[in-house]
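> The structure is given below, and queries will be raised subsequently.
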Amino acid sequence: MRLYRLADLGLGHVLTGHRCILHDRELHRTIYSPRYPEEFRQEVVRVARNRGPGVTVEQVATDFGVHAMTLWEWMCRADIDDGTKPATTSQESAELRQARRRIMLLE
């Protein structure tokens, strides 16, 4: 299995700081490693939510070294987990994954 950086393939840019993005050409999948710590995500979302007038989410994302779309996704997930948006929460998703694994083992 050969791994290539996305920047080498022209598929996107490599994030700096907390994680490295690699692409496996043979399996056509992207590998993210390691994930941002949960405390870091919560802090960035808190700052983005409490940003002052004239400060954009993109500016907050740049200040913390994450991609703006990543921050938007974190904010959306936080809204779902807080109950302000209807969807399956992170905890419910984890419980469903565990239940599916148990079912597969029993089959």
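The values are calculated or read from the model by the stated rules, or taken from the named source; none is laboratory data. Note that the coordinates shown come from a computational prediction; the quantities given were computed from them, not determined experimentally. All Cβ positions, even for glycine, are placed from backbone atoms using ideal geometry, and neighbour counts span all protein chains on display.
> In region 88-107, what residues are closer than 19 Å to GLU38 by Cβ and either touching a helix residue (DSSP H, G or I) at 6+ places or on another chain (Cβ under 9 Å) or among the β-branched types (Val, Ile, Thr) (or both)?
Hits for region 88-107 are THR88, THR89, SER90, GLN91.
> Considering only region 67-99, how many residues are in a loop (DSSP other than H, G, I, E, B) and either at pLDDT 90 or above or not hydrophobic (A, V, I, L, M, F, W, C) (or both)?
Here the count works out to 7.
> Taking region 46-84, which residues are polar (S, T, N, Q) and surrounded by 15 or more Cβ atoms within 10 Å (Cβ to Cβ)?
The one that is polar (S, T, N, Q) and surrounded by 15 or more Cβ atoms within 10 Å (Cβ to Cβ): THR70.
> Now a separate question. Please enumerate the residues belonging to region 85-107 that are aliphatic (A, V, I, L, M) and surrounded by 10 or more Cβ atoms within 10 Å (Cβ to Cβ).
ALA87, ALA94, LEU96, ALA99
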